[in-house]
Structures are given as C-alpha cells and as structure tokens.
Amino acid sequence: MTDTGATTRAEQARQTRQRIIDTARSMFSERGYEATTLQQIADEMGLTKAAVYYYFRTKAEIFREIVVPEFRAMNELLDRAETVRSRPKRVQLVIAGMVDMLVAQREALAILQANPAIDVRIDSDNGSFESMRDRALVVLYGDNPSPDQRAALYINIAIAVAVPALADIPDDILRETLTRACTRLFNVK
C-alpha cells in the first residue's frame with residue numbers, strides 16, 4: 001500500500017522546485033542575474049525566502065539547474081553518436097543536437113554572457129565541460145583528431161557566444177542558420 005499523501009507532498013515539492021527554477025530564469029532574463037535576489041524570487045512566487053532557501057542555497061545553484069539538463073542531454077547525444085558508424089552521420093547528429101540545445105538555452109546563454117562570473121561548474125556525475133568537449137572530439141574524430149578537426153569542434157562550441165546576439169531571430173530560422181554554420185565549420189558533405 002502506498003502513502004498517497006507522501007506522493008502528493010513529493011509531487012508538490014517537485015513542482016515548487018520547478019516553479020522556483022522557472023521564475024528565476026524569467027527574472028534573470030528580465031532584470032539580470034546580479035540584480036535578482038533570492039528574496040525577490042520568493043516575493044514573485046508568494047513564498048518566504050526560507051522556502052526558496054530550502055530548495056536552493058544560492059542563485060548559482062538555481063542557475064546550475066537551468067543549464068545542467070542540457071549538459072546531460074549533450075552527454076546522451078554523444079552516447080547516441082557513438083553508435084553511428086558513418087562519421088558524416090555522427091557529425092550531423094551532433095550538430096542537430098547541439099543546435100537544438102543552443103536554441104533551447106537562448107535565455108541561459110544570454111544570462112551567462114552578461115554575467116561571466118556565475119559559477120556553473122558542472123562537475124557532478126556527468127563530468128566537467130572540458131571532459132565532455134574531449135569526449136566529443138573522440139566521438140567525432142577518433143583518438144588523434146587533427147588540428148583542423150579540433151578547431152572545428154572548438155569553434156562550433158564557441159557559437160554559443162553568438163546566440164544571445166541573435167535574439168531577434170525566431171527559433172526556426174535560428175535553428176536553420178546555426179545548422180548551416182555548424183555544417184560548414186565541420187566541413188560535412
């Protein structure tokens with residue numbers, strides 16, 4: 001027999017946590033990361049600061065929860081890419097996944113770019129950003145990528161810096177534009 005009350009409380013807690021993340025994302029975008037406090041997030045939600053603090057001790061923890069799901073998705077994408085035999089198809093799969101991530105994280109990228117001091121180290125069970133980048137090199141090019149191949153990957157990763165400057169472009173057009181740019185950089189035929 002299950003305790004419906006406990007399940008309901010757990011679901012309410014999950015929903016509250018997600019509402020905090022969503023509210024913070026919106027406020028970071030509108031007001032800026034530095035200008036947004038935990039108290040303001042609580043006020044916006046009609047909660048006490050202690051209630052927000054129960055879930056997140058810092059704004060950086062909240063922001064980390066905004067970006068970590070995409071980090072996990074990128075690792076899962078690399079898992080799928082490892083199973084593809086054809087290098088061009090592997091690269092196309094990675095491009096599509098990376099572009100989807102960039103479009104989905106437009107707000108987060110703008111917040112990060114405007115606040116480079118945000119500590120969003122992603123060093124949990126998924127490893128660091130650097131280890132994911134190194135893994136992508138191996139998945140795409142094998143154990144000994146050439147300087148051109150390394151540069152192609154690094155430049156494609158750096159496209160994330162351009163995304164906030166393209167805020168006026170609708171998602172579908174941005175997706176097509178980024179896909180073309182990444183495909184050219186990776187020299188996919």
Using only alpha carbon pairs under 8 Å that are at least six residues apart, calculate the relative contact order of the range 30-177 and give it in whole percent.
-> 25
Residue-normalised value, i.e. accessible area per residue, for the chain at 1.4 Å probe, in Å², stands at 58
Of the heavy-atom accessible surface of the range 132-188 (probe 1.4 angstrom), what whole percent is carbon and sulfur?
-> 57
Give the label of the value calculated from the structure for log10 I(q)/I(0) by the Debye sum over Cα atoms at q = 0.09, 0.17, 0.18 Å⁻¹, choosing from (1) -0.41, -1.12, -1.20; (2) -0.61, -0.97, -1.04; (3) -0.37, -1.08, -1.16.
-> (1)
Mean Kyte-Doolittle of at least 0.0 and a Cα length of 24 Å or more along the axis: which whole DSSP H helices of the chain meet both?
-> 87-104
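Let me have the 222 nm mean residue ellipticity of the chain computed from DSSP H runs of 4+ only, each contributing -39500 (n - 2.57), with the sum over all residues rounded to the nearest 500.
It comes out at -23500 deg cm²/dmol, rounded to the nearest 500.
The values are calculated or read from the model by the stated rules, or taken from the named source; none is laboratory data. What you see is a predicted model; the values in this text were computed from it and never measured. Just the protein is used for accessible areas: all its heavy atoms, side chains included, with ligands, DNA and RNA removed. Shrake-Rupley method; radii C 1.70, N 1.55, O 1.52, S 1.80 Å.
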